[in-house]
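The next block holds one structure in the form of structure tokens; read it before the comments.
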Amino acid sequence: MAQPTASRGRYYRMRRRWGKIFVAPAVVFLLALMLIPIVSVFVLSLTSWDGMSTINFIGFDNFQHIFHDKTFWQVIKNNFIFMFIGTPVWTITPLVVAALLYSGIKGAGFFRSIFLFPTVLATSVLGIVFKSFFGLNGPINAMLKAVGLDFLAINWLGSGSTSIPLIIMIMNWAGFGSATLIFLAGMSSIDESIYESALLDGAGWWTRFFKITLPMIFNVTMFVIILNVIASFTSLFNYVFTMTNGGPGYDTTVMEYMIYLKAFRSNQFGYACALSVILFVVIMIISAVLQSFNKRKDWMD
Amino acid sequence: MLKAKRIFALAAALMMCGTMAACGGGANTKDTSGSSNGAKTKLVFWNGSYKTVDDNGVIPSEDLIFNKTIKAFEEANNCEIEVVDQTADNLYTLFRSAGVAANGPDIAFLWAGGYTNDYRDFIEPLDSYFTEDELSGFASLDICRADFKPDGALLGVPTDVTTINIFYNKDAFEQAGLPRDAQFKTIDELKDACRKLTDAGITPFAIIDGNGYASAWNVGATCATIYGPEGIFELLPGKSDLTGPKFTEAVTRWVNFGKEISENNWANEDWLTTTADDVFMQLYTGQTAMRFGGSWDCGNLYNELGDNVGTMALPSYDISDEYSDYIVGQIANNLVVTNYSKNKDLAVEFVKACTSEEFFLKRYEQEGQLPSTVNMDISSLENLNPVLADCYRLFSENKNVIGYDSITSADAGAESYRQFPQMISGAISIEEGIKQIQEKNVAVSTADTNE
């Protein structure tokens, strides 16, 4: 009986050794392309590096300058506007659509495919297309005028108060399909017998939605909310870049776009890295706060 | 079976390592010498403007002056020139990366002024390669020198120049009772023309200023008349404060005129926020009479309007200004040789071939780019765009001043593009806007010490 045990031990040791060998390239790959750049960003945020010449350490001067810069506060405010308006829109729309599709409306499969279609389009392409749609003399305004709604035919991209909601709506149109799928996956895991019992008790659609569906997919909803919060800080660049260039003034400039401007237009890499660190910290804090609301520990599974 | 699996897995791991190694090396510009083993010397040229194919299909590729020059140079010097076309968006990021790695082009086409200065760590000073006589034909060469100083190192050799102009539809002018060959010398004449055009039912201007460029051209024009060709260098980072009276005066003049444009509906309603160039369609149809632009617009305008397009310099706001008849005219681009090139001498020779008088004339004819040397005889050229000829005449008067945004830091220039339209719309005061621009007018390398 001793022989098989020794053999099994040798087998597992060998497996572990080979496992490490096979994993090694991936680990090296991750270290080289992810961990080192991330650590570099933190280090470079303490420098005045211009991307070319020697690196001079300047302590926390970049952060000090950023926090004294009025532009930074306007930019971070814009991000929070996107978060507070965008997150509910980007969460509620797919939730409602998923609930409708799950309730078995006619042509649910067709709609599921159609709703997913915009997600395959490049966001920069969407930005350019919608920019021309919503131009002062664009087709949307022409349509509004044609139906007598002249007062709505405004310069949509002419101020932050209209262009930010517009970008939020476009992002919603472009991305709600994938969030709908996530919600549908969550809904499909709910035991059918619960709905059957509720039906027997005479519960209507709204009651079932609020009393069964919503609580049962709470974890999924939290997951989508966190994704949307992160998106409001990290997925706006293409839309802002193609539609408004962050303007007028800094009305629609967001952190990602400011980091790009500082690094690649002004050659202030150290400053841009400091902005990136701040963005990282902000997202981390918000995500941690949101996670703390989530009492259940198993939702990630 | 298990052994075969192991061998297969090991091979897969090795392939992955190999792929990573391959990704790290083998850049197409690595070997720029090539002559050590008897092969032809290779020069890598990063092209940002020269035509290698005629978009209209009229001129065969082999007849394009850049291609012809390459061919002749390769034959004369037993070398090979690899042309890599780069878009403006990518060029500077790639040039920086290549410079840090000391593994990039031998010659590159860069915007003159601040951009070239920003990347001078990777650029070979060219003074020792050129005689005074060879450089004497270039106007306003200081923009190609380190820190724009007359005694600064020569960083690049000019390839073309630009002027800032007003372009107009002659038919629209005639319809409003204005002369077809109008040349407004003062802002009052221009405003008077705007009133006449409005009375005739024609919108005076088609403007896109969502990117702030039209504002920048106009502020540049007023700066030119206030500062003059030498004084403009006061705007260099760390020199005079932009919140001072001169720059404030230049900005105020344009902002006030901009406000008049808005209040009197002298331009398209969304001119301060739009970046869509479809507004220029109305200029082609005569519904709008004028636009701001530069010599780079001549080709398109002549294609659309033919002999019906006219041009003039931006009028002066105050003829008592010391430099009231000066215009914004400057070297736009230059060719640089990298300091890590293994074939600097040969690279410089090619730069000389691309900046010869014959090259300039042919390129002017084929590509519509103004030569960077003044007073060349262009009368012999065929199919010459007359609007472009007018621009060259303006430039050859040698009353040129560099645009302010080529002097200030890139950050300050970008900030001004944002703030000028905001000042005109009233979203921010002139003083506050200039203060924000001044805060950005800091040399990048000294940011930490000045802030």
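The values are calculated or read from the model by the stated rules, or taken from the named source; none is laboratory data. Remember, predicted model here, so these are calculated numbers, not experimental data. Positions of Cβ are generated from backbone atoms using ideal geometry, with glycine treated the same way; all protein chains shown enter the neighbour counts.
Within segment B:178-202, being among the β-branched types (V, I, T) and under 19 Å from B:W254 (Cα atoms) holds for B:T186, B:I187.
For segment A:268-279, the condition of being part of a loop (DSSP other than H, G, I, E, B) and within 9 Å of chain B (Cβ to nearest Cβ) holds for at least one residue. The single condition among (1) of a type in the set (G, A, S); (2) out of contact with any strand residue (DSSP E or B) (no Cβ under 8 Å at 6 or more places or on another chain); (3) under 23 Å from B:F45 (Cβ atoms) that B:G156 does not satisfy is (2).
Checked against the criterion of being over 27 Å from B:D270 (Cβ atoms) and either modelled with pLDDT of 90 or more or of a type in the set (S, T, N, Q) (or both), the candidates A:Y271, A:Y257 yield just one match: A:Y271. Is it the case, given these coordinates, that A:P88 is under 30 Å from A:G204 (Cβ atoms) and touching a residue at least 12 places away in the same chain (Cβ under 8 Å)? When the stated conditions are applied, A:P88 does not pass them.
Evaluation of B:S215 against the conditions (1) modelled with pLDDT of 95 or more; (2) away from chain A (no Cβ under 14 Å) shows that the sole unmet condition is (2). Out of curiosity, is A:L46 of a type outside the set (D, E, K, R), touching a strand residue (DSSP E or B) at 6+ places or on another chain (Cβ under 7 Å) and either at pLDDT 95 or above or farther than 20 Å from A:L261 by Cβ (or both)? In short, yes.
The residue that is farthest from the other protein chains (Cβ to nearest Cβ), among those in segment B:97-120 that are within 21 Å of the chain's Cα centre (by Cα) and charged (D, E, K, R), is B:R120. Answer yes if at least one residue in segment B:317-329 is assigned to a helix (DSSP H, G or I) and over 22 Å from the mean Cα position of the chain (by Cα), and no otherwise. Scanning segment B:317-329 turns up no residue that is assigned to a helix (DSSP H, G or I) and over 22 Å from the mean Cα position of the chain (by Cα).
This table checks each residue for (1) at pLDDT 95 or above; (2) in contact with a Cys (Cβ under 9 Å, 6 or more places away or on another chain); (3) surrounded by 23 or more Cβ atoms within 10 Å (Cβ to Cβ).
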| site | (1), (2), (3) |
| --- | --- |
| B:F167 | yes, yes, yes |
| B:E174 | yes, no, no |
| B:K185 | no, no, no |
| B:D199 | yes, no, no |
| B:I207 | yes, no, yes |
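Inside segment B:15-74, residues that are modelled with pLDDT of 75 or more and of a type in the set (S, T, Y) make up a count of 6. Restricting the search to helices (runs of 4 or more DSSP H) fully inside segment A:77-190 and requiring at least 3 residues that are of a type outside the set (K, R), farther than 17 Å from A:S235 by Cβ and modelled with pLDDT of 90 or more gives A:87-102, A:123-133, A:139-146, A:160-188.
The set of residues from segment A:49-64 being more than 9 Å from every other protein chain (Cβ to nearest Cβ), assigned to a loop (DSSP other than H, G, I, E, B) and within 30 Å of the chain's Cα centre (by Cα) comprises A:W49, A:F60.
Out of A:F117, A:F133, I need the residue that is loosely packed, with under 12 Cβ neighbours inside 10 Å and not polar (S, T, N, Q). Which one? Among A:F117, A:F133, only A:F117 is loosely packed, with under 12 Cβ neighbours inside 10 Å and not polar (S, T, N, Q).
Annotation note: Cβ proximity below 6 Å between a residue of segment A:126-140 that is more than 7 Å from chain B (Cβ to nearest Cβ) and more than 14 Å from B:G210 (Cβ to Cβ) and a residue that is outside any helix (DSSP H, G or I) and at pLDDT 90 or above (sequence gap 6+ or interchain) occurs for A:I140/A:F134. Summed over segment B:219-242, the residues that are surrounded by 18 or more Cβ atoms within 10 Å (Cβ to Cβ) and under 18 Å from B:S429 (Cα atoms) give a count of 2.
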